[in-house]
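Written out below as C-alpha cells is the structure these notes cover.
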Amino acid sequence: MITHERADFICEQEIEGILAHRQSPKPAQVRELLVKAREMHGLSMDEVARLSFVEDPELLQEIFSTAKQIKEEIYGTRLVLFAPLYISNRCANECTYCAFRATNTALKRRTLTQAEIAEETRILIRQGHKRVLVVAGEALPPQGFQYILDSIATVYDTRIGNGEIRRVNVNLAPQTTERFRQLKQANIGTFQLFQETYHRPTYAEVHLKGLKRDYDWRATVFDRAMEAGIDDVGMGVLFGLYDWRFEILAMMQHFRHLEEKFGVGPHTISFPRMEPAVGSDIASKPPHAVSDADFMKMIAIMRLAVPYTGMIMSTRETAEVRRTTLALGVSQISAGSRTDPGGYKDGEGDPNSSQFQLGDHRTVEEVVSDVVSLGYLPSFCTACYRMGRTGQDFMDLAKPGEIKYHCHPNALSTFQEYLSDYAGPQAKSAGEKLISIELQHMDGQQTACALPMLNKVRRGERDVFV
C-alpha cells in the first residue's frame, strides 16, 4: 500500500467561500485590478474570482487586451511548438471520460516497441520538431518502469541528418520519489500531470477504480517530483468535469502550495477541454461544459494571475479557437498531433486507438504558416533545459525581463533551422520575412546576439543557442 500525505493545500471551503457571494464587479473595480495586473506580480484568488464574473463586453475586451500586453511583455511574439508522442494506450484505471479506461472494449490497445518509438520519432523529426511530450497510459508493460526509461532514451538517440529531438517532456502516471529521480537522470524536461478535477466529490464520481482513484496520491505528485530534483512541472485540469471557476481557484491554491514549499510554482499550465472519446458517454456531454466565451475569459484571467507561467493549448481545440487564445496568454501549442500509439506512421491516426478526438488536424507546416501569418514567431528552442535555466533560476531571469536576451535569439535560431531544413517554399519565404521583421524590432543587445547565430545556421551549423 502506498502511503502519502493528504493534499490539504486544496481547501474547498476556502474556494466555495470566495465564490459564494461573488457578483459581477463594477467597472472601476475591474480597471483597478487590471492596473495591478500590469505590474506583473500576479493576482490573488479573490481577485481572480472577481474577474471571472465579468460579463460586460467592453470590460472583457479590456481584460483580453491586458492579457495580450502582459504576454507580449514577457514572451514577445515567441510561440513554442511541440508534439505529443503516445507510446502506449494501456491503462489500469477506470476514468469515465477517457477512451483509455481499463474496461473499454471499443478501444484497440497498443504498446509501441522501441523500434516503433524510433520510427515515430523519425517522423516527428522530419516534420521539424525538436521537443516532444512522451505520453503513456497508466499501466506498465512487462518491462515495468524500465520501459519508460528505455523509451525516453530511444527518442533522444534517434537522429536523421541534422534533425534530432533535443528535449523530452513526459506526461505519466504519478510516481514515487525514487522513480522521479530516475526520470531526472534520464534527462527529462518538464514532468506534466493533470489533476483532472480538484473537486473531491466529482473526482470520486469519475474515477471508479485503479490507483488514480486516490485523489491525494495524484495531487501530491509535484511534491515528490520536486523533491527528486525535477523543478519544471506542468499542471492542468480537464475542463468540463466541474465548475471552471472552482478549478482555476484550486489551481491557484496548488500554485501557492508549491511556491511556499519549493520557492517556485509550476512551469506550465494546460487548458484541455473535454472532447468526445471512444467508449465514453460523459466525454461527449460534459457535465459542466465550458463555453468558448468562458474559455477565452479563463485563459486571459490566468495570464493575469500567473504572468510568468507558460500556458499550453493542445490540438483538442479547433484551429479557430487556438488562434484566438494566442492573443490571450497562450505561449505553447502542439502541432500536427496524434493521440494514439503509432499515429504518426499511420498518417491520420486511428480514432479507435486515440485518447480523445482532435479539433485541429493541420500539419506542422500548416500550423507554422498560420502562426507566422498572425505575426507570431514559431520557436523550437530547448536551450533553457540544457543550460539549467529551470525552476527558480528561470523565474529569476524571467521576472526582471532578462530571459528575452536568451529566448528571442534562440527562437530565431531554431526557426531558421526549421526554415532551412523542413519548410516548403512558401512557408520559407514568409518565415524569412518574419525573421527580418523580428530583427528590426530587437534592441541592440539582442540583435548583436541573434545575427551571428542566424548566420551560423544559414551556413549549416545546427543547435546554435545561448
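The values are calculated or read from the model by the stated rules, or taken from the named source; none is laboratory data. Quick caveat, the model's predicted, so the values are computed rather than measured. All Cβ positions, even for glycine, are placed from backbone atoms using ideal geometry, and neighbour counts span all protein chains on display.
Quick notes on this one:
- Tabulated pairs, region 232-243, first on the phi < 0 side of the Ramachandran plot, second surrounded by fewer than 24 Cβ atoms within 10 Å (Cβ to Cβ) and of a type in the set (Lys, Arg), C-beta under 8 angstrom, 6+ apart or interchain: 238/273; 239/273
- One residue stands out in region 77-118 among those that are free of Cβ contacts under 8 Å to residues at least 12 places away in the same chain and in a loop (DSSP other than H, G, I, E, B): the one that is surrounded by the most Cβ atoms within 10 Å (Cβ to Cβ), namely 113.
- Scanning region 421-452 for residues that are outside any helix (DSSP H, G or I) and either in contact with a Pro (Cβ under 9 Å, 6 or more places away or on another chain) or touching a residue at least 24 places away in the same chain (Cβ under 8 Å) (or both) yields 422, 423, 424, 442.
- Hits in region 253-297 - residues which are surrounded by 22 or more Cβ atoms within 10 Å (Cβ to Cβ), at pLDDT 95 or above and of a type in the set (A, V, I, L, M): 269
- Number of the condition not met by residue 121 [criteria: (1) part of a loop (DSSP other than H, G, I, E, B); (2) under 21 Å from residue 314 (Cβ atoms); (3) under 24 Å from the mean Cα position of the chain (by Cα)]: (1)
- Residue 57 over 30 Å from residue 380 (Cβ atoms), surrounded by 15 or more Cβ atoms within 10 Å (Cβ to Cβ), without any contact (Cβ under 8 Å) to a residue 60 or more places away in the chain and not charged (D, E, K, R): no
- Boolean, residue 63 is modelled with pLDDT under 95, surrounded by 16 or more Cβ atoms within 10 Å (Cβ to Cβ) and within 30 Å of residue 412 (Cα to Cα): no
- Among residues that are assigned by TED's automatic domain parsing to the domain that holds residue 333, of a type in the set (S, T, N, Q), under 29 Å from residue 423 (Cβ atoms) and at pLDDT below 95, residue 169 is not included.
The rows are residues; the columns are (1) surrounded by 20 or more Cβ atoms within 10 Å (Cβ to Cβ); (2) modelled with pLDDT under 95.
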residue	(1), (2)
365	no, no
380	yes, no
396	no, yes
404	yes, yes
407	yes, yes
412	yes, no
416	yes, no
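- Checking each residue in region 283-323 for being touching a Lys or Arg at 6+ places or on another chain (Cβ under 6 Å) and among the β-branched types (Val, Ile, Thr) picks out only 290.
- All positions within region 128-146 that are buried (at least 18 other Cβ atoms within 10 Å of the Cβ) and modelled with pLDDT of 95 or more: 128, 129, 130, 131, 132, 133, 134, 135, 136
- Of all residues in region 303-323, those that are in contact (Cβ under 8 Å) with a residue 60 or more places away in the chain and over 13 Å from the mean Cα position of the chain (by Cα) total 6.
- Restricting attention to region 313-331 and to residues that are crowded, with 21+ Cβ neighbours inside 10 Å and either in a strand (DSSP E or B) or among the charged types (D, E, K, R) (or both), the residue that is modelled with the lowest pLDDT turns out to be 316.
- Every residue from region 66-94 that is over 30 Å from residue 158 (Cβ atoms), at pLDDT below 95 and not β-branched (Val, Ile, Thr): 71, 72, 73, 76
- Looking across region 219-235 at every residue that is in a helix (DSSP H, G or I) and surrounded by fewer than 21 Cβ atoms within 10 Å (Cβ to Cβ), the one that is nearest to the chain's Cα centre (by Cα) is identified as 223.
- Looking only at region 165-189, and only at residues there that are hydrophobic (A, V, I, L, M, F, W, C) and part of a loop (DSSP other than H, G, I, E, B), the one that is surrounded by the fewest Cβ atoms within 10 Å (Cβ to Cβ): 186
- Among (1) within 25 Å of residue 127 (Cα to Cα); (2) surrounded by 19 or more Cβ atoms within 10 Å (Cβ to Cβ) - the single one residue 436 does not satisfy: (2)
- Residue-level check: of (1) on the phi < 0 side of the Ramachandran plot; (2) exposed (fewer than 12 other Cβ atoms within 10 Å of the Cβ); (3) without any contact (Cβ under 8 Å) to a residue 40 or more places away in the chain; (4) not hydrophobic (A, V, I, L, M, F, W, C), residue 455 misses just (2).
- The number of residues in region 22-64 being assigned to a loop (DSSP other than H, G, I, E, B), among the hydrophobic types (A, V, I, L, M, F, W, C) and over 23 Å from the mean Cα position of the chain (by Cα) comes to 2.
- Subset of region 190-217 [surrounded by 16 or more Cβ atoms within 10 Å (Cβ to Cβ) and among the small types (Gly, Ala, Ser)]: 210
- Filter result for residue 358 (touching a residue at least 40 places away in the same chain (Cβ under 8 Å), touching a helix residue (DSSP H, G or I) at 6+ places or on another chain (Cβ under 6 Å) and either crowded, with 23+ Cβ neighbours inside 10 Å or in the same structural domain as residue 280 (by TED's automatic domain parsing) (or both)): no
- Subset of region 11-21 [of a type outside the set (Asp, Glu) and either in a helix (DSSP H, G or I) or over 30 Å from residue 59 (Cβ atoms) (or both)]: 13, 15, 17, 18, 19, 20
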